[in-house]
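Taking it in order: structure first as structure tokens, then the write-up.
The values are calculated or read from the model by the stated rules, or taken from the named source; none is laboratory data. Predicted model, so just to flag it, every value in this text is computed and none were measured. Cβ: placed from backbone, ideal geometry, glycine included. Neighbour counts: every protein chain shown.
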Amino acid sequence: MFRHKFALVLIFILLSFATSACQVTLLGDANRAPTVGSWRELATLATAAPASPPARLKIPRLDVDASIESVGLADNGSMGAPTYVEDVAWYNRGAIPGEIGKAVLAGHLDAIGGVPAVFYRIGSLQAGDSVIVVHTDGTESHFEVTHKSTYPYTATPFDEVFGFTLQSELNLITCTGSWNRSAQNYTNRLVVFTRKVN
């Protein structure tokens, strides 16, 4: 809902995508409010009917058809991770995919022993590739990949991934880089950015 988007940029949030192999630290700026073009845009957003929660994620180019698990913050303040490596996690304190705002889905790169997980191949996605979210009411939100970026796991930018926008965007995040044995973590995070097209 609309109030969630403002909460993301008005409150200092420490978010982590915590798994045995993945952790992302994202810092927000409590002193910076969103810049909005007009009050009319705000009124439109505030009265728009919310989308129903997401149920499945489909990425046709990768033959991905995964269940979406709704997660919030874990007891340690980290973003909840999907229970199963074949599923993805939707951060339910942010935007619902298809609504105005930045929705975030996180998925594992691999499982114990290096077995490929749901987001093992998202690094091969290219601009223009299709990403589809199926909602609990059966409707679909269609997105198109715009670009992708890799960040050090301790420096994934809050604004780019979780921040305020007047667009309907969906960001997919997973681990990448080299396995750091001492830290028990991957060195980098990959974010695939998409924008709604329907």
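When you scan segment 121-132, do you find a residue that is hydrophobic (A, V, I, L, M, F, W, C), in contact with a strand residue (DSSP E or B) (Cβ under 8 Å, 6 or more places away or on another chain) and closer than 18 Å to residue 189 by Cα, even just one?
Let us first name the residues in segment 121-132 that are hydrophobic (A, V, I, L, M, F, W, C), namely 122, 125, 127, 131-132.
Remaining after also requiring in contact with a strand residue (DSSP E or B) (Cβ under 8 Å, 6 or more places away or on another chain): 122, 125, 127, 131-132.
Then drop every residue that is not closer than 18 Å to residue 189 by Cα, which leaves 122, 125.
There is at least one residue in segment 121-132 that is hydrophobic (A, V, I, L, M, F, W, C), in contact with a strand residue (DSSP E or B) (Cβ under 8 Å, 6 or more places away or on another chain) and closer than 18 Å to residue 189 by Cα.
Could you go through segment 155-168 and let me know if any residue there is touching a Gly at 6+ places or on another chain (Cβ under 7 Å) and modelled with pLDDT of 95 or more.
Step one: filter segment 155-168 for residues touching a Gly at 6+ places or on another chain (Cβ under 7 Å), giving 158, 162, 165, 168.
Of the ones still in play, those that are also modelled with pLDDT of 95 or more are 168.
For segment 155-168, residues touching a Gly at 6+ places or on another chain (Cβ under 7 Å) and modelled with pLDDT of 95 or more: present.
Against the condition modelled with pLDDT of 95 or more, surrounded by fewer than 21 Cβ atoms within 10 Å (Cβ to Cβ) and not polar (S, T, N, Q), how does residue 132 come out, does it pass?
Here the answer is yes, as residue 132 does meet what is asked.
Taking segment 107-129 on its own, how many of its residues are touching a Ser or Thr at 6+ places or on another chain (Cβ under 7 Å) and surrounded by 13 or more Cβ atoms within 10 Å (Cβ to Cβ)? Reasoning before the result, please.
To start, the set of residues in segment 107-129 that are touching a Ser or Thr at 6+ places or on another chain (Cβ under 7 Å) comprises 107-109, 119, 122-123, 127.
Add one more test, that the residue is surrounded by 13 or more Cβ atoms within 10 Å (Cβ to Cβ), and what stays is 107-109, 119, 122-123.
Number satisfying all stated conditions: 6.
Please work out if residue 116 is in contact with a Pro (Cβ under 6 Å, 6 or more places away or on another chain) and not hydrophobic (A, V, I, L, M, F, W, C).
no
Tell me, which residue of segment 131-161 that is among the small types (Gly, Ala, Ser) and closer than 14 Å to residue 97 by Cα is farthest from the chain's Cα centre (by Cα)? Before you say what the answer is, go through the steps one by one.
Going through segment 131-161, the residues among the small types (Gly, Ala, Ser) turn out to be 138, 141, 149, 155.
Narrowing the set further to residues that are closer than 14 Å to residue 97 by Cα leaves 138, 141.
Working: 138: 21, 141: 15 Å.
Among them, the one singled out is 138.
With 182, 141, 178, 149 as the choices, which residue is part of a strand (DSSP E or B), surrounded by fewer than 13 Cβ atoms within 10 Å (Cβ to Cβ) and not charged (D, E, K, R)?
178
Applying the selection to segment 109-119, what residues are in contact (Cβ under 8 Å) with a residue 12 or more places away in the chain and in a loop (DSSP other than H, G, I, E, B)?
Once the filter is applied, which keeps residues that are in contact (Cβ under 8 Å) with a residue 12 or more places away in the chain and in a loop (DSSP other than H, G, I, E, B), segment 109-119 yields 109, 111, 112, 115, 117, 118, 119.
Does residue 188 fit the bill of being free of Cβ contacts under 8 Å to residues at least 40 places away in the same chain, under 22 Å from residue 84 (Cα atoms) and assigned to a strand (DSSP E or B)?
Against the criterion (free of Cβ contacts under 8 Å to residues at least 40 places away in the same chain, under 22 Å from residue 84 (Cα atoms) and assigned to a strand (DSSP E or B)), residue 188 qualifies.
Got a number for residues in segment 152-167 being farther than 21 Å from residue 53 by Cβ, among the β-branched types (Val, Ile, Thr) and not in a loop (DSSP other than H, G, I, E, B)?
0
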